[in-house]
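The values are calculated or read from the model by the stated rules, or taken from the named source; none is laboratory data. Please read these numbers as outputs of a predicted model, since none were measured by experiment. With ideal geometry, Cβ positions are generated from the backbone for all residues, glycine too; neighbour counts draw on all protein chains shown. To get the accessible areas, we keep the full protein, side chains included, count just its heavy atoms, and leave off ligands, DNA and RNA. Shrake-Rupley method; radii C 1.70, N 1.55, O 1.52, S 1.80 Å.
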Amino acid sequence: IAGHFGYRKRDQHIWVQNFKLCDGKLQSPISISSFKSITLPLPALEIIGYHDFLSTPLYLKNNGHSVVVNVNNHFGKRLPYIFGGSLDINQEYEIDHLHFHWGAKNNRGSEHMLNGIRYPMEMHIVHKNRIYSNLSNALNHKNGLVVLGIFFQLQEEDNKSLCSIINHLTSVRWINNETKLNTSITLASLLPKNTDVFYSYKGSLTTPPCNEVVTWIIFSMPVPISFSQLNKFRLLSNGNNLIADNYRKLQNIGLRKVYIRKL
Ligand code: SG4
Ligand code: ZN
């Protein structure tokens, strides 16, 4: 969708020259602080179909900016979707794809920061409003997308739930490489154990064209990943450079409010 853009400091500075929206007032990512967030008595986020195995074949692709698992629509089967929480009543958002942002070093990689912490990786599960026919149409509407943000935290042991994806990373080392996963996955296995506590705010795509159409939902609890698993993401390349450090610099919160749902 976006064409060429880079993540180095001098590259990020010129995003706005080619993509005017990147200069807006509702940009992402931001630094989130639990103290500065507004507690709301929000209902739980309803997460439907996340325990079902995704329809196969599932494709893993290196698009030069990230590695993406595309979720395809399967005739007769409803895509996993979300509603409730901080989302407008009666609006349902169905999954489109998921992708990752990671660092070359353990002290960086996540796009959002939470209470001063930058995690080594952040996963985005991108959902589009069911009223729009596809992702590019949704990008033209303020209520077009909801992205779930999930932080990863290093631990000693492998996270078994990530194996089906990580085992295939060597097959998508180079830009535009695509491979079929040989086992299906459930989205539930990729979520934190606890999804009751989350932050929500109005923002944008964190990449060009930076459309301000995203309701962000960031889970407070991180998901574990081992050092050796994270290292496999770090080998991915866009042809000229490693993809690692594919996170956008923090954007101003401005007049926005960040809400938190607690138990
Ligand atoms: C990544 O580059 C994805 O590969 C893109 O997905 C995604 O664009 C982009 O990030 C921005 O998404 O959740 N980080 S983000 O704000 O979802 C879109 C595809 O190009 C439009 C499919
Ligand atoms: Zn993302």
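In whole Hz, what ³J(HN,Hα) sequence does the range 58-74 give by Karplus (6.51, -1.76, 1.60; θ = phi - 60°), x for Gly and Pro?
3J(HN,Hα) across the range 58-74, in whole Hz: 9, 10, 10, 9, 8, 9, x, 10, 6, 10, 10, 9, 8, 9, 9, 5, 10.
Apply the Karplus curve 6.51 cos²θ - 1.76 cosθ + 1.60, θ = phi - 60°, to the phi angles in the range 8-20 and return the couplings in whole Hz, x for Gly and Pro.
Rounded to whole hertz, the list is 4, 3, 5, 6, 4, 4, 9, 3, 5, 5, 9, 10, 4.
With the Cα gyration tensor of the range 62-135 giving a ≥ b ≥ c as the square roots of its eigenvalues, does the rule (a/c under 1.5 for rounded; else a/b larger than b/c for prolate; else oblate) give rounded, prolate or oblate?
oblate
For the chain, build the charge dipole from Cβ charges (+1 Lys, Arg; -1 Asp, Glu) around the Cα centre, then report which of GLY144, TYR93, SER55 sits farthest towards its positive end.
Value: GLY144.
Nothing charged except the Cβ atoms of Lys and Arg (+1) and of Asp and Glu (-1): what's the magnitude of the dipole of the chain about its Cα centre? Round to the nearest 20 debye.
With only Lys, Arg, Asp and Glu charged at Cβ, the dipole is about 640 debye.
Protein chains only, probe 1.4 Å: how do MET221, MET121 rank by accessible area, largest first?
Descending accessible area places them as MET221, MET121.
In whole Å, how far is the Cα centre of the range 131-148 from that of the range 163-220?
Result: 16 Å between the Cα centres.
Order ILE217, ILE38, most accessible first, counting only protein heavy atoms with a 1.4 angstrom probe.
Ranking ILE217, ILE38 by accessible area, largest first, yields ILE38, ILE217.
Across the range 83-217, how large is the tail of the calculated P(r) beyond 23 Å, expressed as a percent of all Cα pairs?
40
Can you tell me which of 180-193, 94-107, 237-250 comes out highest on packing, and rank the rest after it, using the mean Cβ neighbours within 10 Å?
Per-residue Cβ counts within 10 Å, averaged per peptide and sorted highest first, yield 94-107, 237-250, 180-193.
Considering all alpha-carbon pairs of the range 2-130, what whole percent are spaced by more than 18 angstrom?
Value for the range 2-130 (Cα pairs over 18 Å): 68 percent.
Could you list which residues have their amide H under 5 Å from that of SER31, counting only those 5 or more apart in sequence or on another chain, with H placed in the peptide plane?
The answer is MET113, GLN251.
Given a 1.4 angstrom probe, what's the average accessible area per residue across the chain, in square angstrom?
That works out to 49 Å² for each residue.
Strictly over 22 Å apart at the Cα level, which of LYS20/LYS202; LYS36/LYS249; LYS105/LYS193; LYS61/LYS232 would you flag in this model?
LYS105/LYS193
How much of the DSSP beta bridge set in the chain is antiparallel, as a percent to the nearest 5?
If I count the DSSP bridges inside the chain, around 80 percent turn out antiparallel.
Quick check: convex hull over the Cα atoms of the chain, volume per residue in Å³, rounded to an integer?
Convex hull volume per residue, Cα atoms: 125 Å³.
Would you work out the Kirkwood radius for the range 180-263? I mean one over the mean of 1/r across all pairs of different Cα atoms, in Å.
16.1
Out of residues 5 or more away from ASN159 or on other chains, whose amide H comes under 5 Å of its own, with H placed 1.01 Å from N in the peptide plane?
Counting only residues 5 or more places away or on other chains, the set is SER226.
How large is the charge dipole for the range 112-248, taken about the Cα centre, if only the Cβ atoms of Lys, Arg (+1) and Asp, Glu (-1) carry charge, to the nearest 20 debye?
Dipole magnitude for the range 112-248 comes out near 300 debye.
At a 4.7 angstrom Cβ threshold, list every cysteine in the chain that has nobody to pair with, or say none.
Result for the chain is CYS163, no neighbouring Cys Cβ within the cutoff.
How large is the accessible surface of PHE227 in square angstrom, using a 1.4 angstrom probe and rounding to the nearest 10?
Solvent-accessible area, nearest 10 Å²: 110 Å².
With runs of 4+ DSSP H residues as the only contributors, calculate the mean residue ellipticity of the chain at 222 nm using -39,500 (n - 2.57) per run, divided by the residue total and rounded to the nearest 500.
Taking each H run of at least 4 residues, the total per residue is -1500 deg cm²/dmol.
Within the chain, what whole-number % of the accessible surface is contributed by carbon and sulfur, with the 1.4 Å probe and all protein chains included in the calculation?
Answer for the chain: carbon and sulfur cover 53 percent of the accessible area.
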